[in-house]
1. For A:S300, state whether it is facing chain B (nearest Cβ under 7 Å), open to solvent by less than 10 Å² (accessible area, probe 1.4 Å) and touching a Ser or Thr at 6+ places or on another chain (Cβ under 7 Å).
2. What do you reckon, is A:L153 in a helix (DSSP H, G or I), in contact with a helix residue (DSSP H, G or I) (Cβ under 9 Å, 6 or more places away or on another chain) and open to solvent by less than 10 Å² (accessible area, probe 1.4 Å)?
3. Checking the condition closer than 30 Å to B:R235 by Cα, among the hydrophobic types (A, V, I, L, M, F, W, C) and in a strand (DSSP E or B), which residue from B:L135, B:L58, B:L72 passes?
4. Could you count how many residues in region A:160-176 are of a type in the set (S, T, N, Q) and either over 12 Å from A:V254 (Cα atoms) or in contact with a Cys (Cβ under 7 Å, 6 or more places away or on another chain) (or both)?
5. Which residues, taken from region A:276-287, are without any contact (Cβ under 8 Å) to a residue 60 or more places away in the chain and away from chain B (no Cβ under 11 Å)?
6. Of A:R36, A:R122, A:R82, which residue is assigned to a strand (DSSP E or B), free of Cβ contacts under 8 Å to residues at least 60 places away in the same chain and open to solvent by 20 Å² or more (accessible area, probe 1.4 Å)?
7. Whether any residue in region B:194-201 is assigned to a loop (DSSP other than H, G, I, E, B), among the acidic types (D, E) and open to solvent by 50 Å² or more (accessible area, probe 1.4 Å) is what I want to check.
2 protein chains.
Amino acid sequence: MTSRRPSLAVVGATGAIGGVMLQILSQHADVWGEVRLIASPRAAGRKLAVRGEETEVLPLDEAVFDGVDVALFLVPEDVSARWGPVAAGRGAVVVDGSAAFRRDDDVPLVVPEVNPHAARLRPRGIIASPNCTTLSLIVAVGALHAEFGLRELIVSSYQAVSGAGREGVAALREQLSLVAGTELGTGPGDVRRAVGDGDTGPFAAPVALNVVPWAGTDAGDGWSSEELAIRDECRKILGLPGLKVSATCVYVPVVATHSMSVHARFENEVAVDRAHEILATAPGVVLFDSPAAGDFPTPSDVVGTDPTWVGRVRQSMDDPCAVEMFICGDNLRKGAALNVAQIAESVAVEFPRD
Amino acid sequence: MTSRRPSLAVVGATGAIGGVMLQILSQHADVWGEVRLIASPRAAGRKLAVRGEETEVLPLDEAVFDGVDVALFLVPEDVSARWGPVAAGRGAVVVDGSAAFRRDDDVPLVVPEVNPHAARLRPRGIIASPNCTTLSLIVAVGALHAEFGLRELIVSSYQAVSGAGREGVAALREQLSLVAGTELGTGPGDVRRAVGDGDTGPFAAPVALNVVPWAGTDAGDGWSSEELAIRDECRKILGLPGLKVSATCVYVPVVATHSMSVHARFENEVAVDRAHEILATAPGVVLFDSPAAGDFPTPSDVVGTDPTWVGRVRQSMDDPCAVEMFICGDNLRKGAALNVAQIAESVAVEFPRD
């Protein structure tokens, strides 16, 4: 017999995250056998390049999953909820990038650098990948947790508009064109009037020359869904159901790459030198931390790269068990396509090569 | 005898904060008798409008303070350090907006809504006004402290570029002109290359399509001077030398108005309804908190207004003694000129009207 590599399906191949996934697959070319590209019937029939080959996009239906070993879902939550179990029922291991299954007890939520073992136990044949805000911080925090024992996270985000999809990017681009070259931003509501009150795109307020402290939907008691997602997902990934988490999610006028200001309190005292050592060697993390020399991560320097970048690491002045950090991660790469690809590759090694 | 109102000197009348001060003095026109405008000899001789009168700007020297009851200093730290004691020596009560005296034990640091009594005890005849970042949060936090007893503050700032002066605003305006209408912000360093690596103004990185997690100067152990100022000043104003404070200061592409994501932990349990009541009635605070209806403060809606705006108030899910809040305050009004004017007005009532 010839060597057989596992076959892959990419559902949502024509979307924004799907496009990033095709790039990643082309860069990691030796993992997969057949790669089947799938989209809604409306988008099917197009040809997309993957691993140097023009590949026709197939329409999403039950039979398209026959013979597929691993199926990646890069589609809205309702599409995953309907079609993920179908693919799993046809024998594929499903890796889902949406929120459809993240909170289900019988679906593991996996970040390969942090809890790779969790991917093996998947009673429904489905593995979920976290929200992009969780992914922008969990790799760094997970590395420190392994050494010091995490007890509490207090997080404030500086979220990129692409977290709200292509409409978010379009809204920022259009608003920037309206405010650039003006003296706006100095009188109450002047930006809102220039943008148009009903024309703030997916955001509840203008995002150019502004920040918007609301992301996602109303989750009750004053919280947004994005803030609760960070809490729930950090607890699940780290296996710490009692972890204290307080998150505040804020959109900023940045195209891509989420940033996080993090106060992390541990069971044990944190020596900053040791924290630096851990972050400097942790997989998937780049330590960039010499602020007096201008070395700290910013979204515009980090965007388009794979790792989680960490800087501004310092011991809290009033709590030797806590550190402050500033973390940046590209929400379209590690925060979406890359983590799904990494989970899939960790599953690929389970398939026998004979 | 006719009624005599106290006389005022405004040192730094020709600067950006001085301009805001002249507006405020025109709005509060009945407090002061003579108003003397003072600037460096280079800027002296100009005429500026205050309270509807063209007033000639006098050069800064010793004799200019003779007969002045209250002298406001809206000048760089080194000018205050040199000339503040001179004015005090001539009998004026000095209210200084710079950092020159904030940390001195024998100079009170005053926010009239929070610690008005402190202004009375001024052994050197000098009263200091806090940093704009401290001022953007202390009025709201002080109101809650009076009821619940503050124990810890964890703060992440979203600071406006005008916190770095006119150069900061100019840098943002110029960078916005370079990035608007482009597809920048998607590749590593593309914004930095468009802006020019050596041309980021007073910031350590581009601020358009970006956020910059560094404000002020290197204060050692990884901290910036702005971060330590928040800690030192909150402790001094609240009279809590043991208060735990961790701040992370980040510039965002906003012209004016600083925003703060605040985790505040108190001695006592915080009922959110009671916190709402306190903030709704606290002097100098506007509660704007119905996020599902789009009601939360943002800098572009708050800029140009006097109060501290508070929204996103919610009890921490894992600590009944802590609340999260999002606070906005105009760094050029309450954060600078307005607080100095309020301190001066609280001193004005000490002068007898016969």
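1. The answer is no for A:S300.
2. Considered against the rule, which asks whether it is in a helix (DSSP H, G or I), in contact with a helix residue (DSSP H, G or I) (Cβ under 9 Å, 6 or more places away or on another chain) and open to solvent by less than 10 Å² (accessible area, probe 1.4 Å), A:L153 comes out as no.
3. So the residue among B:L135, B:L58, B:L72 that is closer than 30 Å to B:R235 by Cα, among the hydrophobic types (A, V, I, L, M, F, W, C) and in a strand (DSSP E or B) is B:L72.
4. Number satisfying all stated conditions: 1.
5. Result: A:E277, A:A280, A:T281, A:V286, A:L287.
6. A:R36
7. Among the residues of region B:194-201, at least one is assigned to a loop (DSSP other than H, G, I, E, B), among the acidic types (D, E) and open to solvent by 50 Å² or more (accessible area, probe 1.4 Å), which makes the answer yes.
Residue-by-condition table, conditions (1) among the β-branched types (V, I, T); (2) within 30 Å of A:V303 (Cβ to Cβ):
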residue: A:E53; (1), (2): no, yes
residue: A:V68; (1), (2): yes, no
residue: A:R122; (1), (2): no, no
residue: A:H145; (1), (2): no, yes
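The values are calculated or read from the model by the stated rules, or taken from the named source; none is laboratory data. Everything numeric here is computed off the predicted structure, so don't read it as measured data. Positions of Cβ are backbone-derived with ideal geometry, glycine not excepted, and every protein chain shown enters the neighbour counts. Please note that ligands, DNA and RNA were not included when accessible areas were found on the heavy atoms of the full protein model with its side chains. Shrake-Rupley method; radii C 1.70, N 1.55, O 1.52, S 1.80 Å.
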